[in-house]
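Comments concern the structure below.
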Amino acid sequence: MPSNFNRAIAVFGAYGHTGRFVVERLRMRGWRPRLCGRDAARLQAMAGHTHADDVRVASIADAASLDAALAGCAALLNCAGPFGETCEPLIAAALRAGIHYLDTAAEQQPVLAAFERCDAAANEAGIAVVPAMAFYGGLGDLLATAAMDDWAQADSVEIAVALDRWHPTAGTRITGARNTAKRLVIEDGRLVEVADPAASRDWAFPEPFGTQAVAAVPMSEIALVSRHLRTRTATAYLDRGSLRDVRDADTPAPVAADASGRSAQVFAIEARVRRGGDARRLGACGRDIYAVTAPLLVEAMERVLDGRCRGSGVLAAGAAFDAADFLQALAPESLRLYPGEA
Ligand SMILES: NC(=O)c1ccc[n+]([C@@H]2O[C@H](COP(=O)([O-])OP(=O)(O)OC[C@H]3O[C@@H](n4cnc5c(N)ncnc54)[C@H](OP(=O)(O)O)[C@@H]3O)[C@@H](O)[C@H]2O)c1
């Protein structure tokens with residue numbers, strides 16, 4: 001990365017669980033995170049704790065405060081969910097500021113709304129808007145895109161996730177509770193509501209997970225796939241144990257297991273694509289679905305800023321980046337890819 005780059009990056013929702021990992025990752029990569037959010041006291045507490053000197057209080061209800069917060073930054077990373085509430089005003093603010101925008105949405109609807117409502121304006125401004133650049137969303141889309149490789153189309157795309165446990169954060173719980181939109185899958189090449197009850201099946205994951213019962217719980221990855229991969233069907237699954245965890249009000253929030261704040265929670269996420277009698281698969285294993293979102297988001301931001309992004313407008317991860325190269329860049333430090341090469 002050239003040293004004359006503007007290295008100031010606005011992180012909205014900086015003091016949230018995911019925002020903290022993102023701020024730390026930016027620092028580690030030599031960027032200057034600007035801590036942004038609506039709660040002055042929490043921002044100041046974080047600034048004191050992390051010795052940050054660039055802090056802005058801003059609210060999605062106050063466009064002028066957002067404009068002041070983004071002034072002089074090269075990009076906006078939105079880590080504040082529910083994204084049904086924050087996406088639209090923050091993409092609008094990024095467009096006014098003329099800077100790139102990336103977020104970590106797991107919900108499908110704000111991602112689809114971004115494609116529908118913001119693509120033309122972002123294209124005209126030459127700005128990249130990359131929604132759902134996170135564990136749920138961008139990672140599954142990158143794996144599916146890399147698994148497709150030279151196929152122009154597929155009969156099916158499936159993405160499955162296994163977690164040893166899902167310890168949800170407060171933000172995950174609030175987002176889940178407010179996300180009342182019907183979940184969508186792709187059938188006959190179109191987005192349709194997922195069947196009720198959701199389709200269930202067994203999925204063979206690598207150890208330590210082994211074969212797990214999974215249920216169709218599509219998240220933002222299906223919204224991304226729908227925008228750039230040609231497939232007759234696409235769905236996404238989550239292991240049933242994690243589904244029970246996240247639905248149980250008593251499941252505790254994640255607990256740091258090391259100095260970086262990462263929990264001990266582990267994951268596998270796998271994409272399988274089929275065309276005729278041929279099948280391909282690509283998976284990734286790692287630790288802590290919240291923590292791993294930081295290298296995914298920051299890698300995407302760096303590729304947008306240094307020109308390794310295909311065009312402008314609202315972009316799915318797999319359409320924006322060379323998927324195999326992107327995944328390889330995060331291995332093995334943040335992800336372990338299987339089987340073999342990406
Ligand atoms: N796709 C993925 O894989 C993935 C991964 C990680 C996180 N996420 C998503 O990211 C979001 C945050 O998760 P988290 O674990 O970081 O939760 P968290 O620790 O509860 O943090 C949420 C952050 O968002 C801010 N926020 C929420 N609503 C806001 C609003 N209307 N205006 C301004 N700020 C607002 C909160 O600020 P206040 O405290 O002031 O409310 C806080 O800073 C959730 O939607 C979660 O689903 C997705």
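The values are calculated or read from the model by the stated rules, or taken from the named source; none is laboratory data. Please read all numbers here as calculations on a predicted model, not as lab measurements. Here the Cβ is made from the backbone with ideal geometry for all residues, glycine too, and neighbour counts use every protein chain on show. These accessible areas exclude ligands, DNA and RNA; they are computed on the full protein's heavy atoms, side chains included. Shrake-Rupley method; radii C 1.70, N 1.55, O 1.52, S 1.80 Å.
Within the range 46-58, identify whether any single residue is within 12 Å of the ligand (Cβ to nearest atom) and either under 30 Å from residue 226 (Cβ atoms) or open to solvent by 20 Å² or more (accessible area, probe 1.4 Å) (or both), and answer yes or no. Yes - at least one qualifying residue is present in the range 46-58.
Between 52, 75, the distinction of being within 21 Å of residue 134 (Cα to Cα) and among the hydrophobic types (A, V, I, L, M, F, W, C) belongs to 75 only. Checking the structure you have, find out if any residue of the range 280-292 is farther than 22 Å from residue 132 by Cβ and either modelled with pLDDT of 95 or more or not hydroxyl-bearing (Ser, Thr, Tyr) (or both). There is at least one residue in the range 280-292 that is farther than 22 Å from residue 132 by Cβ and either modelled with pLDDT of 95 or more or not hydroxyl-bearing (Ser, Thr, Tyr) (or both). Could you check, for the range 114-126, whether at least one of its residues is at pLDDT 95 or above, within 16 Å of the ligand (Cβ to nearest atom) and open to solvent by less than 60 Å² (accessible area, probe 1.4 Å)? Checked the range 114-126: at least one residue is at pLDDT 95 or above, within 16 Å of the ligand (Cβ to nearest atom) and open to solvent by less than 60 Å² (accessible area, probe 1.4 Å). Test residue 143 against the criterion of being within 14 Å of the ligand (Cβ to nearest atom), touching a residue at least 60 places away in the same chain (Cβ under 8 Å) and assigned to a helix (DSSP H, G or I), and give yes or no. Judged against the criteria, residue 143 is a match. Considering the range 148-212, the qualifying strands (runs of 3 or more DSSP E), each wholly inside and each with 3 or more residues that are of a type in the set (Val, Ile, Thr), run over 154-163. Counting only residues that are of a type in the set (Gly, Ala, Ser), part of a strand (DSSP E or B) and more than 19 Å from residue 319 (Cβ to Cβ), how many does the range 248-283 have? Looking only at that region, the number is 3.
Here 188, 164, 196 are screened, and the one residue that is out of contact with any Asp or Glu (no Cβ under 7 Å at 6 or more places or on another chain) and surrounded by 15 or more Cβ atoms within 10 Å (Cβ to Cβ) is 164.
Each row is one residue, and each column tells you yes or no for (1) within 20 Å of residue 155 (Cα to Cα); (2) part of a loop (DSSP other than H, G, I, E, B); (3) open to solvent by less than 10 Å² (accessible area, probe 1.4 Å).
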residue: 242; (1), (2), (3): no, no, yes
residue: 246; (1), (2), (3): no, no, no
residue: 294; (1), (2), (3): no, no, yes
residue: 318; (1), (2), (3): yes, no, yes
residue: 325; (1), (2), (3): no, no, no
residue: 337; (1), (2), (3): no, no, no
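Taken over the range 98-113, the residue count meeting the criterion of being within 16 Å of the ligand (Cβ to nearest atom) and either open to solvent by 40 Å² or more (accessible area, probe 1.4 Å) or over 25 Å from residue 72 (Cβ atoms) (or both) is 9. Residue 183 meets all of the listed conditions (1) closer than 14 Å to residue 226 by Cβ; (2) within 16 Å of the ligand (Cβ to nearest atom); (3) buried (at least 24 other Cβ atoms within 10 Å of the Cβ) but one, namely (3). Residues in the range 152-161 that are farther than 22 Å from residue 107 by Cα and buried (at least 16 other Cβ atoms within 10 Å of the Cβ): 154 alone. Looking for something in a loop (DSSP other than H, G, I, E, B) and open to solvent by 40 Å² or more (accessible area, probe 1.4 Å) - is there at least one such residue anywhere in the range 31-44? Yes - at least one qualifying residue is present in the range 31-44. Residue 6 meets the conditions (1) part of a helix (DSSP H, G or I); (2) surrounded by fewer than 22 Cβ atoms within 10 Å (Cβ to Cβ) in every case but one. The failed one is (1).
Mind counting the residues in the range 213-226 that are in contact (Cβ under 8 Å) with a residue 40 or more places away in the chain and assigned to a strand (DSSP E or B)? Going through the range 213-226 one residue at a time, the tally reaches 1. Number of residues in the range 71-86 that are open to solvent by 10 Å² or more (accessible area, probe 1.4 Å) and within 14 Å of the ligand (Cβ to nearest atom): the value is 8.
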